[in-house]
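Derivation of every value follows stated rules applied to the coordinates shown; laboratory data play no part. What you see is a predicted model; the values in this text were computed from it and never measured. Glycine gets a Cβ as well: all are built from the backbone with ideal geometry, and neighbour counts include every protein chain shown.
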Protein chains: 2
Amino acid sequence: MLIKDIGEQGLLTILQKFCPAEIVGDDCAVIPTNPHKSLAITTDMLVDGVHFSDRTTGPYYAGWRAAAANLSDLAAMGAIPLAVTVALAVAADTAVDWVEEFYRGMTACLEVYHTPIAGGDVVRSSVVTVAITAFGEVECDRTIRRSNARSSGWAIVATGVHGASRAGLELLLNPEFGQNLEKGDRTSLILAHQRPKPRLDVLPVIWEILGCEGEFCIAGMDSSDGLADAIIQVCRASGVGAKVDRQKIPISPILRELVSPETALDWALYGGEDFELVLFLPMDHAELLVEKIGNGAAIVGITTENTDIWLTDSSGIYPDIVLKLDRGFQHF
Amino acid sequence: MLIKDIGEQGLLTILQKFCPAEIVGDDCAVIPTNPHKSLAITTDMLVDGVHFSDRTTGPYYAGWRAAAANLSDLAAMGAIPLAVTVALAVAADTAVDWVEEFYRGMTACLEVYHTPIAGGDVVRSSVVTVAITAFGEVECDRTIRRSNARSSGWAIVATGVHGASRAGLELLLNPEFGQNLEKGDRTSLILAHQRPKPRLDVLPVIWEILGCEGEFCIAGMDSSDGLADAIIQVCRASGVGAKVDRQKIPISPILRELVSPETALDWALYGGEDFELVLFLPMDHAELLVEKIGNGAAIVGITTENTDIWLTDSSGIYPDIVLKLDRGFQHF
């Protein structure tokens, strides 16, 4: 039996048997290291031609995106980054410039968040491959897990606009597309794809609003695989349902001008790689959070007891439909 | 300019510019997390056909060896393992059995040392590639660094026999070799190669001997790249020299019977992958340590003020020669 016979899900099911269930299942593994703190760890492997390509993203931005994706996983757990390690496989005929630019992009992103590269490994392979492991610290009672959402009318918050990264990718792949965009707007969408920003800046705002006393009432993950995926994963892990209002999903005005409302919503829900946080928390806290974050942050829905997840329309134009995962990217 | 034009050392020189010098340069990166503890981190990337091959080591033992190599790096820093993460790239036509056996081997080794796999990543690639990152904790004043050795007649300790892993590899590669060995002896050499044991068991002995008070007088690393490499790396990092007595290097009796004394010494010094610790510490502590560890542990030399590293011969047969990294005396 080959990997292609069982697919990515089949393989993951097999491999999860080798991991303790209580450690995995979130954006990071969380390992308590003392009574007050835990270590949050996340690993990404990137393969040339699969996860990056010089066609859309030169090595500098491939490096930036790799670092940003890992830091975003830490942010999604409520963890402050400590460092990353980088394992790199290169071919004999890989350009030295490519490698240096990749590291320049990676460190440019990491430096914004005061995160050093704490070594790694360099090996030879016919396929350029990068594995980044990021680790951070989280105070135990401030861990943001997928499984902590409540069904009692908690708000679902997106910390910023969605769909811009997908639009930027389209502009890079398809030069015919978006010819009428102003140069600044075009650049802003392309940078949303090439230079995403992990939302570590949101953490202190959360801590300020939720305080240090009592239970830390929040759940969430990042929207790296799309806003729909994040909402559905948190609902499933928490055993709650949701009503998400399509009118409330934050979409940048540039994107609204560029494509039809249907495409804009599709890219916001399924485009992925916006690297925002999708947070579930009590409504009063959510309102404060959205106000303090600003810049497109919005309450997009509420949790429900019934475990169905609905995409509703407060404007009354579209009928309610079930929100589905079905644009999930199958790796095999 | 391509990677092949600058070689591995050239590439490492470039990449080290991106890492803070105070964090790298040992078997693990060490990051202080509180006044009393540090996090030790190590990453290895393994590529099919380069680092493992079904010819000598099926997937089970490839997994065991990968886990052992990472745990050995933690042991070399004096760190107790917390967890590992595993990033895996597989091809569509990789056998599911291969992946499961690799994970079985990895977890078999990890379980001996109570170390969970805390998740990871699974991606698609044409070349099977595994990146393992291991995390451990070390009390700050117990960190074993390469740079702490003193020139005042400290002893150099090898925690066990060397050369057995290289002999096991030869038996696997060359069926004509070692036909006269007894089956048990043959198996023991092959297992030294396939199922090496990281010397985490040595750490409590070190702590007992060195105590908790005052300065923690020890330096060291593991012998994964050979005993000669370990001695030379520690001497260079500490700015000391050494005299290593070829008669004191611990070599298993089976290996002494199997090959000439010259080949046995060559394999012990340069074979690599024995995954013992090579420790530099004051003579009185070293004598206690060797006695308590037993099983081939030996004082193989002493440090000197002069930074030359000599291979001497207390039996008086061979002249003193400079100990080199590059097999300067291959098979004499």
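Please specify each residue of the stretch B:78-119 satisfying the condition of being in a strand (DSSP E or B), of a type in the set (A, V, I, L, M), within 7 Å of another protein chain (Cβ to nearest Cβ) and over 20 Å from the mean Cα position of the chain (by Cα). Quick ask: steps written out before the conclusion?
As a first pass, look at the stretch B:78-119 and keep what is in a strand (DSSP E or B): B:80-90, B:95, B:117-119.
From the residues that got through so far, the ones that are of a type in the set (A, V, I, L, M) too are B:80, B:82-84, B:86-90, B:95, B:117-118.
Those left that are additionally within 7 Å of another protein chain (Cβ to nearest Cβ): B:82-83, B:87, B:89-90, B:95, B:117-118.
Result: B:Ala87, B:Ala89, B:Val90, B:Ala95, B:Ile117, B:Ala118.
Of the residues A:Ala76, A:Ala29, A:Ala21, A:Ala62, only one is surrounded by fewer than 16 Cβ atoms within 10 Å (Cβ to Cβ) and out of contact with any Cys (no Cβ under 6 Å at 6 or more places or on another chain); which?
Details: A:Ala76 fails: surrounded by fewer than 16 Cβ atoms within 10 Å (Cβ to Cβ); A:Ala29 fails: surrounded by fewer than 16 Cβ atoms within 10 Å (Cβ to Cβ); A:Ala62 fails: surrounded by fewer than 16 Cβ atoms within 10 Å (Cβ to Cβ).
Unique residue meeting the criteria: A:Ala21.
Does A:Thr42 qualify as being more than 7 Å from every other protein chain (Cβ to nearest Cβ) and either crowded, with 20+ Cβ neighbours inside 10 Å or of a type in the set (Asp, Glu) (or both)? Give the steps one after another, and end with the answer.
Values: more than 7 Å from every other protein chain (Cβ to nearest Cβ): yes; either crowded, with 20+ Cβ neighbours inside 10 Å or of a type in the set (Asp, Glu) (or both): yes.
Taking the combined requirement at face value, the residue satisfies it.
Looking only at the stretch A:21-39, filter to residues that are farther than 27 Å from A:Ile232 by Cβ and in contact with a helix residue (DSSP H, G or I) (Cβ under 7 Å, 6 or more places away or on another chain); which one of those is nearest to the other protein chains (Cβ to nearest Cβ)? Don't jump to the end; show me each part of the working.
Pass one, the stretch A:21-39, residues farther than 27 Å from A:Ile232 by Cβ: A:32-37, A:39.
Still in the list and also in contact with a helix residue (DSSP H, G or I) (Cβ under 7 Å, 6 or more places away or on another chain): A:32, A:36-37.
On the way: A:Pro32: 10, A:His36: 10, A:Lys37: 8 Å.
Only one residue fits best here, namely A:Lys37.
Is it fair to say A:Thr56 is over 18 Å from the mean Cα position of the chain (by Cα) and crowded, with 20+ Cβ neighbours inside 10 Å?
On the way: over 18 Å from the mean Cα position of the chain (by Cα): yes; crowded, with 20+ Cβ neighbours inside 10 Å: no.
The answer is no for A:Thr56.
Which is surrounded by fewer than 22 Cβ atoms within 10 Å (Cβ to Cβ), closer than 18 Å to A:Ala228 by Cα and in contact (Cβ under 8 Å) with a residue 24 or more places away in the chain, of A:Ala149, A:Ala155?
Details: A:Ala149 fails: surrounded by fewer than 22 Cβ atoms within 10 Å (Cβ to Cβ).
Every option except A:Ala155 fails the conditions.
Quick check: is even one residue across the stretch A:110-129 touching a residue at least 12 places away in the same chain (Cβ under 8 Å), farther than 30 Å from B:Gln9 by Cα and among the aliphatic types (A, V, I, L, M)?
No: zero hits.
What are the residues in the stretch A:15-65 that are over 30 Å from A:Asp97 (Cβ atoms) and of a type in the set (Phe, Trp, Tyr), if any?
The first filter runs over the stretch A:15-65 and keeps only residues over 30 Å from A:Asp97 (Cβ atoms), leaving A:15-41.
Passing the criteria: only A:Phe18.
Let me confirm something: among B:Glu305, B:Glu215, B:Glu257, B:Glu276, which residue is surrounded by fewer than 18 Cβ atoms within 10 Å (Cβ to Cβ) and touching a Leu at 6+ places or on another chain (Cβ under 9 Å)? Working first, answer last.
On the way: B:Glu305 fails: touching a Leu at 6+ places or on another chain (Cβ under 9 Å); B:Glu215 fails: touching a Leu at 6+ places or on another chain (Cβ under 9 Å); B:Glu276 fails: surrounded by fewer than 18 Cβ atoms within 10 Å (Cβ to Cβ).
Just one listed residue meets the conditions, B:Glu257.
Anything in the stretch B:9-20 that is assigned to a helix (DSSP H, G or I) and facing chain A (nearest Cβ under 7 Å)? List them, or say none. Please lay out each step first, then the result.
Of the residues in the stretch B:9-20, the ones assigned to a helix (DSSP H, G or I) are B:9-16.
Within the stretch B:9-20, B:Leu11, B:Leu12, B:Ile14, B:Leu15 meet the criteria.
I'd like to verify a number: residues in the stretch A:120-139 that are more than 7 Å from chain B (Cβ to nearest Cβ) and over 20 Å from B:Ala118 (Cα atoms), how many?
Adding up the residues that qualify gives 1.
Residues of the stretch B:21-59 being among the basic types (Lys, Arg) and part of a strand (DSSP E or B), which ones? Reasoning before the result, please.
Of the stretch B:21-59, the ones among the basic types (Lys, Arg) are B:37, B:55.
Correct list: B:Lys37 only.
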